[in-house]
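**Student:** Handing you a structure now.
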Amino acid sequence: MEAVAPEEVGEASPVTTPAGDEDSGFPAAVRRTVAGWRNGGVGHRAAVAAAAVSVLLLLLLAVRLPWAGDLGIHAATVDRLRTDLTDPGDPLVKADVDSPYFSPWMLTLAVLARVTGLATFTVLRFAALVGLVLVVTGVGHFTRTFTRHRAAVPLAVLSVLFLQGWTAFAWSGFPGLLSLGLCLAYPSTLAIGIAFHLWALLRKGLERRWGWGPFLWLGLLLGAQMLIHQFTGLVTVLGLLAILLGARPWPERATWLRVGAGCAVALALVLAWPYYSFFSLLSAGNLNPIHRALYQHLWSHYGLVLLGVAALALRLRRDRRDPLVLFFVLGAVPFALGGLTHQWAWARVLPAVMLPAQIALAVEVTRVRGTRWARASFAAVTAVVLLAGAWAQAGTLNYVLRPQALPSSLADRPYPKPWPSVTWAAHYVRPGQVVMTGDYYVLRMLPAYGPYTVESAYPDFFLPDEQQRADATKRYFAAHTTPAQRAAILAHYGVRWVVAPVGYHGLATDPSLVAKATDPAHRLRLYEVRSTAGARAE
């Protein structure tokens with residue numbers, strides 16, 4: 001059975017005052033707060049209230065589904081699968097190819113939409129709710145394997161949401177408040193929620209010496225999670241490895257055999273998945289340009305996590321094989337190597353650096369020993385840092401409240417602004433029809449309503465003519481391209497519609513195009529292609 005420190009088992013015991021420490025000079029409110037965090041008093045209630053408000057905000061975001069990112073490709077994925085479960089083709093372009101977006105979770109959502117007749121975005125709101133529940137319960141589940149202090153779980157939720165940096169930052173698979181607010185419906189959110197539960201279940205399984213069955217089920221869940229979001233799957237594996245290496249006592253041979261059997265089940269599911277080849281992703285093209293931003297502004301994006309690193313140092317002093325410390329190291333090494341070698345894609349392992357530090361802080365702030373001054377100092381610094389993180393991400397409120405309802409100090413906080421709607425074009429373009437456009441937003445949003453685009457909005461390593469499609473789009477909108485050449489490009493890709501800037505290079509006078517609609521900002525215009533039957537394909 002795994003050894004656990006006595007102070008980490010059961011409910012918090014009353015705080016005792018060391019002799020000579022009564023006149024510590026610390027404000028009484030802070031002393032009451034740290035005592036409350038440990039005893040379920042005012043500090044505990046404050047942590048619970050703050051966590052509840054944060055989760056309520058995320059719940060509202062699950063209903064609103066703010067669109068300032070990759071929501072379109074996930075909506076398109078559900079839509080393609082609900083139309084054809086066996087051969088959906090590419091989610092964005094009209095091509096019969098595999099796609100890593102066709103995961104078990106997307107398949108589940110598509111079947112739900114097909115059986116119930118629910119709209120795609122309604123199903124995505126359900127996905128957001130499920131993802132939110134899994135993340136919040138997963139954080140609590142994992143935290144309780146380290147401590148039973150009642151304040152630790154709400155503090156862990158707050159740490160995961162706010163212990164980031166002092167500037168606004170959002171990225172899929174990074175469970176800060178702003179990131180989750182934008183990505184609740186994404187597969188990455190579900191995957192990180194599953195990860196927390198997997199880590200907790202493995203710790204319980206090692207402690208309670210589970211038999212073969214539970215480990216096989218864990219393997220099945222791991223395999224599904226790796227198919228759902230591959231980057232988060234890697235983070236999950238690092239966490240599971242850290243838990244195994246940090247287990248006390250060292251797992252017996254029978255336990256390792258059961259772990260191996262679970263890994264075999266995960267591998268079998270990954271290999272048997274029919275919608276795409278998981279291991280072909282290892283030879284995917286260059287992902288570095290997309291992820292270079294994750295190595296920029298390191299201090300302002302992630303600097304507050306240093307307080308969690310200090311909590312890890314406390315744990316390291318007590319146990320050289322502490323699982324959270326090992327988890328942190330297993331994430332920090334490849335992240336650092338990626339930065340040194342300019343392999344920017346390795347930055348996707350960063351949650352393996354941040355999450356153990358965030359959980360460690362929540363655990364340590366409720367169990368720190370020493371003088372009252374030390375305890376109160378740790379509690380006060382933690383509160384200040386979490387408030388700083390919350391202030392950095394306060395712009396998230398703009399997704400659920402009108403600016404007029406917020407003080408100017410909050411309404412002006414930075415956040416990714418919602419993208420302009422494309423429903424003005426989706427009203428005319430039917431599902432399955434092909435659109436030629438080079439507009440950043442239309443490329444990423446219009447496929448959510450059923451149409452295809454000529455160019456893929458995202459890198460697609462399963463699409464053999466990805467570069468040719470991008471080149472054809474550039475040629476079509478080039479100033480020197482003749483009407484005949486444009487018509488040939490449209491014919492080659494079976495294009496029915498064109499979306500271009502208003503007055504762009506004479507498209508308004510092209511006899512093969514008919515203007516149908518203009519967006520509300522009068523920035524873009526939708527043209528219907530009259531006929532491309534006689535055009536020669538390039």
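The values are calculated or read from the model by the stated rules, or taken from the named source; none is laboratory data. This one's a predicted model, so the numbers in the text were calculated from it and none came from an experiment. Methodologically, a virtual Cβ is constructed for each residue, glycine included, from the backbone with ideal geometry; neighbour enumeration extends over all protein chains shown. The area values use the complete protein model at the heavy-atom level, side chains included, leaving out ligands, DNA and RNA. Shrake-Rupley method; radii C 1.70, N 1.55, O 1.52, S 1.80 Å.
**Student:** List the residues, sorted by chain then number, that are 5 or more residues from Ala500 or on another chain and whose placed amide H is less than 5 Å from its amide H.
**Tutor:** Excluding prolines and chain starts, which carry no amide H, the hits are Arg525, Tyr527.
**Student:** May I ask for the Kirkwood hydrodynamic radius of the chain, worked out over all distinct Cα pairs and given in angstroms to one decimal? Can you show the working numbers first?
**Tutor:** On the way: mean 1/r = 0.0395 Å⁻¹.
Final number for the Kirkwood radius of the chain is 25.3 Å.
**Student:** In percent, how large is the relative contact order of segment 431-538, given Cα pairs closer than 8 Å and 6 or more residues apart?
**Tutor:** Numbers: 166 pairs, mean separation 28.4, N = 108.
That works out to 26 percent.
**Student:** What value in Å³ per residue do you get for the convex hull of the alpha-carbon atoms in segment 54-114? Show your work: numbers first, answer last.
**Tutor:** Numbers: hull volume 6.3 nm³, N = 61.
Per-residue hull volume (Cα only) is 103 Å³.
**Student:** Ignoring ligands, DNA and RNA, what percent of the accessible area of segment 265-318 is carbon or sulfur (1.4 Å)? Show your work: numbers first, answer last.
**Tutor:** Values: 2020 of 3000 Å².
Carbon and sulfur: 67 percent of the exposed surface of segment 265-318.
**Student:** If you don't mind, another one. Sort out for me the Cα centre separation of segment 382-403 from segment 216-279, rounded to whole Å.
**Tutor:** 36
**Student:** Further question on the same structure: Over the chain, give the accessible area per residue in Å² for a 1.4 Å probe, as an integer.
**Tutor:** Values: 23030 Å² over 538 residues.
In whole numbers, the chain has 43 Å² accessible per residue.
**Student:** Take His492 and Asp96, extend 7 Å from each Cα along the Cα→Cβ direction, and tell me the distance between the two endpoints in nm.
**Tutor:** Computed distance between label sites His492 and Asp96 equals 2.1 nm.
**Student:** In whole percent, what relative contact order does segment 99-173 give with Cα contacts below 8 Å and a gap of six or more residues?
**Tutor:** Numbers: 21 pairs, mean separation 12.7, N = 75.
Taking the mean separation of contacting Cα pairs over the length of segment 99-173, I get 17 percent.
**Student:** Skipping prolines and chain starts, which residues have an amide H placed within reach, meaning under 5 Å, of the one on Leu513, given they are 5 or more residues away or on another chain?
**Tutor:** Under 5 Å from the amide H of Leu513: Arg530.
**Student:** Next up: Segment 416-471 to segment 126-173: how many Å between their Cα centroids?
**Tutor:** Using only Cα atoms, the two centres lie 34 Å from each other.
**Student:** Work out from phi, with θ = phi - 60° and the Karplus expression 6.51 cos²θ - 1.76 cosθ + 1.60, the ³J(HN,Hα) of each residue of segment 376-385, listed in order in whole Hz, and give x for Gly and Pro.
**Tutor:** Result, rounded to whole Hz: 5, 5, 4, 5, 5, 5, 4, 4, 5, 5.
**Student:** Order of 224-237, 90-103 by packing, highest average Cβ count within 10 Å first?
**Tutor:** Numbers: 224-237: 22.7, 90-103: 20.4.
Ranked by mean Cβ neighbours within 10 Å, highest first: 224-237, 90-103.
**Student:** Got a sec to turn the phi values of segment 508-524 into Karplus ³J(HN,Hα) couplings, 6.51 cos²θ - 1.76 cosθ + 1.60 with θ = phi - 60°, whole Hz, x for Gly and Pro?
**Tutor:** Taking θ as phi minus 60°, the curve returns 5, 9, 5, x, 8, 10, 10, 5, 10, 7, 10, 5, x, 8, 6, 9, 10 Hz for segment 508-524.
**Student:** Suppose R0 equals 22 Å; then what is the FRET efficiency for Thr167 and Val53 from their Cβ-Cβ distance, rounded to the nearest 0.05?
**Tutor:** Numbers: r = 22 Å, r/R0 = 1.01.
E(calc), rounded to 0.05, equals 0.50.
**Student:** Across segment 149-292, how large is the tail of the calculated P(r) beyond 17 Å, expressed as a percent of all Cα pairs? Mind showing how you got there, number by number?
**Tutor:** On the way: 6908 of 10296 pairs.
Within segment 149-292, distances greater than 17 Å cover 67 percent of Cα pairs.
**Student:** Next up: Ordering Leu206, Leu298 by how much accessible area each has at a 1.4 Å probe, largest first, what is the list? The partial results should precede the final answer.
**Tutor:** Details: Leu206 25, Leu298 70 Å².
Ranked from most to least accessible, the order is Leu298, Leu206.
**Student:** Follow-up. Ratio of Rg to Rh for segment 220-279, alpha carbon only, Kirkwood?
**Tutor:** Rounded to two decimals, Rg/Rh equals 1.03.
**Student:** Calculate, in nm to one decimal, what Tyr504 and Ala336 gain on full extension: separation in residues at 0.36 nm each, minus their alpha carbon distance. Could you put the intermediate results ahead of the total?
**Tutor:** On the way: separation 168, 0.36 × 168 = 60.48 nm, distance 4.57 nm.
Answer, rounded to one decimal: 55.9 nm.
**Student:** How much FRET efficiency would the formula 1/(1 + (r/R0)^6) give for Leu282 and Asp412, where r is the Cβ-Cβ distance and R0 is 51 Å, rounded to 0.05? Kindly include the intermediate steps, with their values, before the conclusion.
**Tutor:** Working: r = 44 Å, r/R0 = 0.87.
FRET efficiency, Leu282 to Asp412: 0.70.
**Student:** What is the calculated FRET efficiency for Leu271 to Thr83, with r their C-beta to C-beta distance and R₀ = 22 Å, to the nearest 0.05?
**Tutor:** That pair, Leu271 with Thr83, gives E of 0.25.
**Student:** I would also like to ask the following. Calculate for the chain the 222 nm mean residue ellipticity that helices alone would give, adding -39,500 (n - 2.57) per DSSP H run of length 4 or more and normalising by residue count, nearest 500 deg cm²/dmol. Don't jump to the answer; show the numbers that get you there.
**Tutor:** Numbers: 22 runs with 290 residues, N = 538.
Value at 222 nm, helices only: -17000 deg cm²/dmol.
**Student:** Can you tally the net charge around Val259? Count Lys and Arg as +1, Asp and Glu as -1, for every other residue whose Cβ sits under 13 Å from the Cβ of Val259.
**Tutor:** Working: positive: Arg203, Arg209, Arg253, Arg258; negative: Glu252.
Net charge around Val259: +3.
**Student:** Express the relative contact order of the chain as a whole percentage, based on alpha carbon pairs under 8 Å and six or more residues apart in sequence. Walk me through the numbers before you get to the answer.
**Tutor:** Values: 885 pairs, mean separation 93.9, N = 538.
That works out to 17 percent.
**Student:** Also, quick follow-up: With each label point set 7 Å from Cα along the Cα-Cβ vector, what nm distance links Trp299 and Arg64?
**Tutor:** With each label point 7 Å from Cα toward Cβ, the separation is 3.2 nm.
**Student:** Mind listing the long-range amide H neighbours of Val97? Cut-off is under 5 Å, sequence gap 5 or more, other chains count too, H placed in the peptide plane at 1.01 Å from N.
**Tutor:** Residues meeting the criterion, in which the H sits 1.01 Å from N, are Gly89, Asp90.
**Student:** Here is a follow-up. Please list, in order along segment 486-503, the HN-Hα scalar couplings obtained from phi with the Karplus expression 6.51 cos²θ - 1.76 cosθ + 1.60 (θ = phi - 60°), rounded to whole Hz, x for Gly and Pro.
**Tutor:** Coupling constants for segment 486-503: 5, 4, 5, 5, 4, 5, 4, 9, x, 6, 10, 9, 10, 10, 9, x, 4, x Hz.
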